[in-house]
Amino acid sequence: MTTSHVIIGDGIAGSSAAETIREEDPGADVTVLTDEGEALYNRILIKEFAKGKLPEAPISIHDEEWYAERDIDLELNTYVTDIDTDAHELHTHESGTYEYDKLLVATGGTPTQLPVGNSDAEGVHHFWTFEDARAIKEHADEAETGIVVGAGLLGIDLAAICAAQDIEGKYLMRGDCWWRYALSEEGAEIIHEALRERDVEPVFQSGVDQFEVDDDGVVTGATDPNGDYYEGDFVGVAIGLDFNTEFLRGSGLDLDNGVVVDEYMQTNVEDVYAAGDITQFNDLILGERAQNGAWGSAKEQGSIAASNMVADEAAEEFRWVSSYSITHFDFPFLSFGHPTLGDDFVERKYSDTEWRRVALKDGRVIGGVLIGDLAPQSKLKQLAREQRDVSGQEEVLLAETIDLDDLDPTAAEAE
């Protein structure tokens, strides 16, 4: 009997799952539903497109023919309204009902809107989809002054777009530095200086109290909580994601700022799996539930979920040390694992553009940030995967060249 697999979401998690199912169960029915109007594209590269560095052509990963060639039914512009997990069926806004034997939820999120006046004004952009990138690029080509809000990994993309498009920008941050939960002020200053060199000025202990608009409702600037006004005819906001779980209410799925899954990407409801940004997964390295929206992590989750969906019994575990790189500056930047979740940190600055921070939990590496020299990442990721106790040996982690043979395997036991 043919098994019916339905996947909600055509991001890298959903697409990877569809491909894996087709490879491991050639006779299965595979349907991918997405509310977007185009097939899978590279979310990593859309920022380069918005900066004016790439044409549209390299951004797309799969066209509709790719799905047809693999006998995968791709349904674009399809909005799922609810799921009946008892009946094993889901309902859509206009496309009818779909039945499933196994279901994967990979719907990701929607950018969070600032809860301030005029946050929906014309000229205020959020950055998540290819459609967003097109609108940002078109506006940035014409703008002269800009405001960026959101001191994280997506916010820095918007700041870099301003820099690349010769927009005089103000980068408004609530704290004392960019990505303050992962970097100290010393490390973040490397990023701050690189932004200043590109005419984007970081503004600390700031934010937005209200956006100002003209008579036509077009944004002209922002007033921060301190009462300071900043001019901006282009605004980019990246303060996080609201996960797309509304249609799951009443389905019986365990929801907690996303969909809760185990190490096999299974939800608490039989025959329903989840993957990608939306998951609260059992992180076997961290030792607790976690969330990670990195591209590589989402792709691996989709593949793991699919393997378990087609298997007689789930056996493939998700065990992954994710990484996220930034290529906006003259020096490389990479974060890995969970750099914001440690109970202790060690860090060192090596030069004006080289800095390293390693996050530790219970004496074990769980993540970190590398600026300038990325060579240590493989050894640090290995330590994270192996969960070796490095208590009392943190200096080894900060050596310019990490040699794992310098770690005494009995040192932690001796203390």
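The values are calculated or read from the model by the stated rules, or taken from the named source; none is laboratory data. Since this is a predicted model, take the numbers as computed values, not measurements. Reconstructed Cβ throughout: ideal geometry from the backbone, glycine too, with neighbour counts over all protein chains shown. With ligands, DNA and RNA removed, areas are computed over all heavy atoms of the protein, side chains included. Shrake-Rupley method; radii C 1.70, N 1.55, O 1.52, S 1.80 Å.
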Next on the checklist: All but one of (1) surrounded by fewer than 22 Cβ atoms within 10 Å (Cβ to Cβ); (2) out of contact with any strand residue (DSSP E or B) (no Cβ under 7 Å at 6 or more places or on another chain) hold for G221; state the number of the condition that does not hold.
Outcome noted: (2)
Item to check | The listed residue being of a type in the set (A, V, I, L, M), open to solvent by less than 30 Å² (accessible area, probe 1.4 Å), within 30 Å of T267 (Cα to Cα) and more than 23 Å from the chain's Cα centre (by Cα), out of A384, A306, A314, A359 | outcome: A314
Checklist entry - Quick one: which of Y273, Y350 is surrounded by fewer than 17 Cβ atoms within 10 Å (Cβ to Cβ), of a type in the set (S, T, Y), at negative phi and more than 16 Å from the chain's Cα centre (by Cα)? => result Y350
Next on the checklist: Tell me whether segment 93-106 contains one or more residues that are farther than 26 Å from S297 by Cα and in contact with a helix residue (DSSP H, G or I) (Cβ under 6 Å, 6 or more places away or on another chain).
Outcome noted: no
Next on the checklist: Looking at E142, E138, can you tell me which residue is of a type in the set (D, E, K, R) and not in a loop (DSSP other than H, G, I, E, B)?
Outcome noted: E138
Checklist entry - Pairs, please: C-beta under 6 Å, at least 6 apart or cross-chain, first residue within 20 Å of V213 (Cα to Cα) and in segment 121-138, second surrounded by fewer than 17 Cβ atoms within 10 Å (Cβ to Cβ)? => result A121/G217; E122/G217; E122/V218; G123/V218
Item to check | Hits in segment 226-242 (condition: open to solvent by 50 Å² or more (accessible area, probe 1.4 Å) and outside any loop (DSSP other than H, G, I, E, B)) | outcome: Y229, E231, D242
Checklist entry - Tell me, which residue of segment 162-183 that is part of a loop (DSSP other than H, G, I, E, B) and among the basic types (K, R) is most open to solvent (accessible area, probe 1.4 Å)? => result R174
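For every residue, the table says whether it meets (1) surrounded by fewer than 21 Cβ atoms within 10 Å (Cβ to Cβ); (2) acidic (D, E); (3) out of contact with any Leu (no Cβ under 6 Å at 6 or more places or on another chain).
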{"residue": "E185", "(1), (2), (3)": "yes, yes, yes"}
{"residue": "A188", "(1), (2), (3)": "no, no, yes"}
{"residue": "I191", "(1), (2), (3)": "no, no, yes"}
{"residue": "L195", "(1), (2), (3)": "no, no, yes"}
{"residue": "D199", "(1), (2), (3)": "yes, yes, yes"}
{"residue": "Q210", "(1), (2), (3)": "yes, no, yes"}
{"residue": "D216", "(1), (2), (3)": "yes, yes, yes"}
Checklist entry - Considering only strands (runs of 3 or more DSSP E) fully contained in segment 262-370, which possess at least 2 residues that are touching a strand residue (DSSP E or B) at 6+ places or on another chain (Cβ under 8 Å) and closer than 21 Å to Q382 by Cα? => result 279-283, 288-290, 323-326, 333-337, 344-351, 354-361
Item to check | Checking N257 against (1) part of a strand (DSSP E or B); (2) closer than 28 Å to R385 by Cα; (3) open to solvent by 50 Å² or more (accessible area, probe 1.4 Å), the condition it does not meet | outcome: (1)
Item to check | In segment 104-116, the residues that are open to solvent by 50 Å² or more (accessible area, probe 1.4 Å) and assigned to a loop (DSSP other than H, G, I, E, B) | outcome: Q113, P115
Checklist entry - Are there any pairs, at least 6 apart or on different chains, whose C-beta atoms fall under 6 Å, with the first in segment 177-206 and within 19 Å of I167 (Cα to Cα) and the second part of a loop (DSSP other than H, G, I, E, B) and at pLDDT 95 or above, and if so, which? => result I191/W178; A194/F329
Checklist entry - Does at least one position in segment 51-72 carry a residue that is in contact with a His (Cβ under 7 Å, 6 or more places away or on another chain) and of a type outside the set (K, R)? => result no
Item to check | Residue among L334, L341 that is modelled with pLDDT of 95 or more, surrounded by fewer than 23 Cβ atoms within 10 Å (Cβ to Cβ) and within 18 Å of G152 (Cβ to Cβ) | outcome: L334
Checklist entry - Among the residues of segment 85-103, how many are assigned to a loop (DSSP other than H, G, I, E, B) and under 17 Å from I21 (Cβ atoms)? => result 3
Checklist entry - open to solvent by 60 Å² or more (accessible area, probe 1.4 Å), more than 18 Å from N292 (Cβ to Cβ) and in a helix (DSSP H, G or I) - does that describe any residue in segment 390-405? => result yes
